[in-house]
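Asker: Sharing a structure below in structure tokens format, with a few things to ask.
Since every read-out is calculated from the coordinates, none of them should be taken as a lab result. Being a predicted model, the structure only gives us computed values, none of them experimental. Heads up, the Cβs are rebuilt from the backbone with ideal geometry, glycines too, and the neighbour counts pull from every protein chain shown.
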Amino acid sequence: MNLESTLRARRDSGHKLLVAYVTGGLPVGGGETWIEVVRAVAAAGADAVEVGIPFSDPVMDGPVIQEASRLALEAGTTPRGLLAELAGAGGGAGGMGVPLAVMTYFNVVHAFGLDRFAQSLSRSGVDGAIIPDLPLDEAGPWMAEAVGHRVETVMLAAPTTPDERLVAICAASSGFVYGVGLMGVTGVRDSLAASALALAKRLKAVTDKPVLIGVGVSDAAQAVEACSEADGVVIGSALMRRLLEGAGSSGVAELIAEVRAALEAG
Amino acid sequence: MTVPPMAAGSRPFPNNVPAGRVLMQGSPGPTGRFGEFGGRFVPESLVPACAELEVAFANAWSDPAFRDELSGLLSSYAGRPTPVTECARLSDVLGVRVLLKREDLCHTGSHKINNVLGQALLTLRMGKKRVIAETGAGQHGVATATAAAAFGLECVVFMGEVDVHRQELNVFRMKLLGAEVRPVSSGSRTLKDAVNEALREWVATVDSTHYCIGSVVGPHPFPWMVRELQSIVGNEAREQCRKVLGGSDPDYVIACVGGGSNAAGTFAGFVGTGAKLVGVEAAGGAAIGRGGIGVVHGMRSRLLQDEDGQVLEAHSVSAGLDYPGVGPEHSQLAAMGRAVYRSVDDEEVLAAFRLLSESEGILPALEPAHAIAWLTREAGKEIPVGSTVLVTLSGRGDKDVDQIVGLLG
Ligand SMILES: Cc1ncc(COP(=O)(O)O)c(C=O)c1O
């Protein structure tokens, strides 16, 4: 399955897009595995799932995802092990019924080997990669490997990105364009930042690729608000906070279903 | 603001800036590379700020008015030039002729003030009113808090919880200077995590805030800018050594390496001479000695990591060298063989601390005590008897006295 074609088809048939983030390898308790969490959020209405490969020094992440990453690493999670579990579960299309993208930091990719990482994603049924500390100017070598293995690289755009650069980022991005909704790291916020709508509008003006807003989209109301300009949203910390609190797959599926219902209602 | 050219998909990696040409001379080019090291691996939110800083520094550095203002501050406020001291008694003990570059005599007690005064002026020039910094030993935090007080800037310093305890005196100093100290409880709770937290804060406040980084680390332009601001150490020392040594340069130039700023500043003055350059790392933080190539804190360099690229925790008695990474220019100097990097363990460091205190009446900080320790161990071995040696004494030991009383009893 292909991330961008799936998201485009959903959007073009009149739906708003919802991507859920889950930290891979996190011990979720209650006799469940994180793979079951991924499956549950897909079933509850996520159009794609972003699987975090935990890294020791996640500079784009706030306390919730930092904590989830720490716990996953403590539990012995490795990039190879995590991808093997995804492959064992049938990957995105075969296993979860929705496309998957991994989210990780560049040192994980670098240590794996760019070529071998791209190949492993592809073999594990992962469609895309999001690498937040690999900006456009440094992305060339990875992009070459990713394209070679048909991995879609989702590029991030920020509120501070100048107009000309926004165009270049959209041109380079595949899967979707990830608009970082606020100046800050991932985390749960009380309200949607004004910068989220402004960025979504700027992105929509320069690309017809799906534009999703992530970072600081924390509940159904904020998702609906973001989607007044954007094609969709990424929900991360709000979901992970529930998971860390022990809500299990049913608890996070409930959140995703709630957001999905709100998006369908507009 | 200018943005670097879009090069996605087109630039070879590692890029092919000819090694050596950019070395400690001029700028590392728009890609921020020292050979295959360096770069700008930061979230998109920070890319425009790094680009803005690169332009602002390049302009300031070629502006005689800026250089004059900084020189004035370095002399009237920081106490430059610092002397070079010939160590007669230590030389007798070791059988080599030892000269010390006395950065311990700078205002605030270390070389860190050289960098900070430059970045504080730059902060004002960019119209920003707030600085943030990371600190390990607390010397960079104190220097930043000092400059912030002197220039009326708001200042927040991130410091790992472990370091807050072992460098308590510096925490008080920062607070007395009006800075806010934020203890960092994530990860190893030392310098590495303080950098992470400062980067996270910078992402959230980049419009109003300058990140005053404390060493030759981080995304381009920081490694280049901090080396330039510290090059005064080596440039002064070269001329001072020539006076003492009848026109010659020392055979060996030695400096401790945490992120590598005092070493980079020192080496910058001697890279064009025949001196052998030696960086001394802590055995438990030897990014060049034991690390592999990786990407963290915005730069491609050597770092301590496991096979999956997870960054390992460094371990050193000295908070300032308790860092798993190293500045990219040092990785390149090592790759070219222009400098060598050695390491010493905590025990050797404490012995060296004692030796310098007792033989010369100079209490070194634990960081430069590493450089003294390597000198002590290798005088008459790797360093032939009769050699002349310059060691950069990057800071004074006052901050460490409490800790050392505990360790030496
Ligand atoms: C006195 C002193 N020397 C050296 C260092 C290490 O930094 P660098 O390697 O950047 O000189 C520190 C850092 O805290 C320090 O306080």
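Asker: What is the mean number of Cβ atoms from other protein chains located within 10 Å of the Cβ atom of each residue in peptide A:167-175, rounded to a whole number?
Answerer: Rounded to a whole number, the mean comes out at 2.
Asker: Need the C-alpha centroid separation for region B:213-237 versus region A:109-130, integer Å.
Answerer: If we compute the Cα centre of each part, the gap is 36 Å.
Asker: Could you list which residues have their amide H under 5 Å from that of residue B:326, counting only those 5 or more apart in sequence or on another chain, with H placed in the peptide plane?
Answerer: B:302
Asker: Given the peptides A:155-166, A:242-253, arrange them by the average over their residues of other C-beta atoms within 10 Å, most packed first.
Answerer: A:155-166, A:242-253
Asker: Rounded to whole Å and sorted largest first, list the principal axis extents of the Cα atoms in the protein assembly as shown.
Answerer: 83, 52, 47 Å, listed from the longest principal axis down.
Asker: Can you give the mean number of other chain Cβ atoms that lie within 10 Å of the Cβ atoms in peptide A:104-114?
Answerer: Across the residues of A:104-114, the mean count of other-chain Cβ atoms within 10 Å is 5.
Asker: With an 8 Å Cα cut-off and a minimum separation of 6 or more residues, compute the relative contact order for region A:3-265 in percent.
Answerer: About 23 percent, as a whole number.
Asker: Take each of the peptides A:176-182, B:262-268, B:333-339, B:117-123, average the number of other beta-carbon atoms within 10 Å over its residues, and list them starting from the highest.
Answerer: Answer by packing, highest mean first, reads B:262-268, A:176-182, B:117-123, B:333-339.
Asker: Then there is this: Let me know the charge dipole size of chain A about its Cα centre in debye, to the nearest 20, where only the beta-carbon of Lys, Arg (+1) and Asp, Glu (-1) is charged.
Answerer: 320 debye
Asker: Please grab the % of Cα pairs in region B:95-168 that end up more than 14 Å from each other.
Answerer: So the portion of pairs separated by more than 14 Å is 62 percent.
Asker: Can you work out ³J(HN,Hα) from phi for every residue in region A:217-230, in order, using Karplus 6.51 cos²θ - 1.76 cosθ + 1.60 and θ = phi - 60°, giving whole Hz and x for Gly and Pro?
Answerer: So the Karplus estimates, Gly and Pro as x, are 9, 10, 8, 4, 5, 5, 5, 4, 4, 4, 6, 5, 10, 8 Hz.
Asker: What is the Rg over Rh value, at two decimals, for region A:71-228, using alpha-carbon atoms and the Kirkwood definition of Rh?
Answerer: Taking Rg over the Kirkwood Rh, I get 0.98.
Asker: Please build a GNM for chain B, connecting alpha carbons under 10 Å apart, and tell me which residue among B:356, B:124, B:74 fluctuates the most.
Answerer: Taking springs between Cα atoms under 10 Å, the residue moving most is B:124.
Asker: Determine, for each peptide in B:170-176, A:189-195, the mean count of other beta carbons within 10 angstrom over its residues, then list the peptides with the highest first.
Answerer: Ranked by mean Cβ neighbours within 10 Å, highest first: B:170-176, A:189-195.
Asker: Can you give me the Cα centroid spacing of region B:40-78 and region B:261-290 in angstrom?
Answerer: Each part reduced to its Cα centre gives a spacing of 24 Å.
Asker: Count the lysine pairs in chain B whose Cα atoms lie under 18 Å apart, taking only pairs 8 or more positions apart in sequence or on different chains.
Answerer: 8
Asker: Mean separation of Cα pairs under 8 Å and 6+ residues apart, divided by the residue count of chain B: what relative contact order is that in percent?
Answerer: After rounding, I find 19 percent.
Asker: If you place +1 on the Cβ of every Lys and Arg and -1 on the Cβ of every Asp and Glu, how big does the dipole about the Cα centre of chain B come out, in debye to the nearest 20?
Answerer: I would put it at about 880 debye.
Asker: Could you work out the helix-only [θ] at 222 nm for chain B, with each DSSP H run of four or more residues adding -39,500 (n - 2.57) and the total divided by the number of residues, to the nearest 500 deg cm²/dmol?
Answerer: Mean residue ellipticity, 222 nm, calculated: -13000 deg cm²/dmol.
Asker: Here is a further query. For region B:329-372, what ratio Rg/Rh do Cα atoms give with a Kirkwood hydrodynamic radius?
Answerer: Rg/Rh for region B:329-372 comes to 1.14.
Asker: Something else now. Using only Cα atoms, figure out Rg for region A:1-102 and give it as a multiple of 2.2 N^0.38 Å.
Answerer: 1.10
Asker: Oh, and also: Pull up all non-local amide H partners of residue A:153: gap of 5 or more, or a different chain, and H-to-H distance under 5 Å with H placed in the peptide plane.
Answerer: The answer is A:129, A:174.
Asker: Give me the base-10 log of I(q)/I(0) for chain B at each q in 0.06, 0.11, 0.12 Å⁻¹, Debye formula, one uniform scatterer per Cα, rounded to two decimals.
Answerer: -0.20, -0.72, -0.88
Asker: Across the residues of B:307-319, average count of Cβ atoms on other protein chains within 10 Å?
Answerer: 4
Asker: May I pose another question? Let me know the charge dipole size of region B:340-408 about its Cα centre in debye, to the nearest 20, where only the beta-carbon of Lys, Arg (+1) and Asp, Glu (-1) is charged.
Answerer: The calculated dipole for region B:340-408 is roughly 200 debye.
Asker: Here's another thing I want to ask about it. Along the charge dipole of region A:3-265, Cβ charges K/R +1 and D/E -1, which of A:49, A:217, A:236 sits furthest on the positive end?
Answerer: Ranked along the dipole, the leading option is A:49.
Asker: Let me ask something else about it. With springs only between Cα atoms under 10 Å, which of B:328, B:64, B:81 fluctuates most in a Gaussian network model of chain B?
Answerer: Highest fluctuation among the options: B:64.
Asker: At q = 0.21, 0.22 Å⁻¹, what base-10 log of I(q)/I(0) does the Debye formula yield for region B:65-204 when every alpha carbon is treated as an equal point scatterer in vacuo?
Answerer: -1.17, -1.23
Asker: Related question: Please compute the net charge surrounding residue B:162, taking Lys and Arg as +1 and Asp and Glu as -1 over other residues with Cβ under 12 Å from its Cβ.
Answerer: Charge balance near residue B:162 sits at -3.
Asker: For chain A, what are the per-bin percents of Cα-Cα distances with bins 10 Å wide, up to the bin holding the maximum?
Answerer: 8, 34, 41, 17, 1
Asker: Tally Lys/Arg at +1 and Asp/Glu at -1 over every other residue whose Cβ is under 13 Å from the Cβ of residue B:345; what's the total?
Answerer: Taking every other residue near residue B:345 into account, the sum is -1.
Asker: From the phi of every residue in region B:33-50, what ³J(HN,Hα) in whole Hz does the Karplus formula 6.51 cos²θ - 1.76 cosθ + 1.60 yield, where θ is phi - 60° and glycine or proline is x?
Answerer: Each residue's phi maps through the Karplus curve to give 9, 10, x, 8, 9, x, x, 9, 9, 10, x, 3, 4, 9, 4, x, 5, 5 Hz.
Asker: Rounded to the nearest 500, what is the 222 nm mean residue ellipticity of chain A from helices alone, with -39500 (n - 2.57) per DSSP H run of 4+ residues and division by all residues?
Answerer: -14000 deg cm²/dmol
Asker: Considering the dipole of chain B built from charges on the beta carbon (Lys and Arg +1, Asp and Glu -1) around the Cα centre, which of B:82, B:383, B:284 is farthest to its positive end?
Answerer: Most positive-ward Cα: B:82.
Asker: Can you run the Rg to Rh ratio on region B:154-228? Use alpha carbon positions and the Kirkwood inverse-distance Rh.
Answerer: Here the Rg-to-Rh quotient is 0.97.
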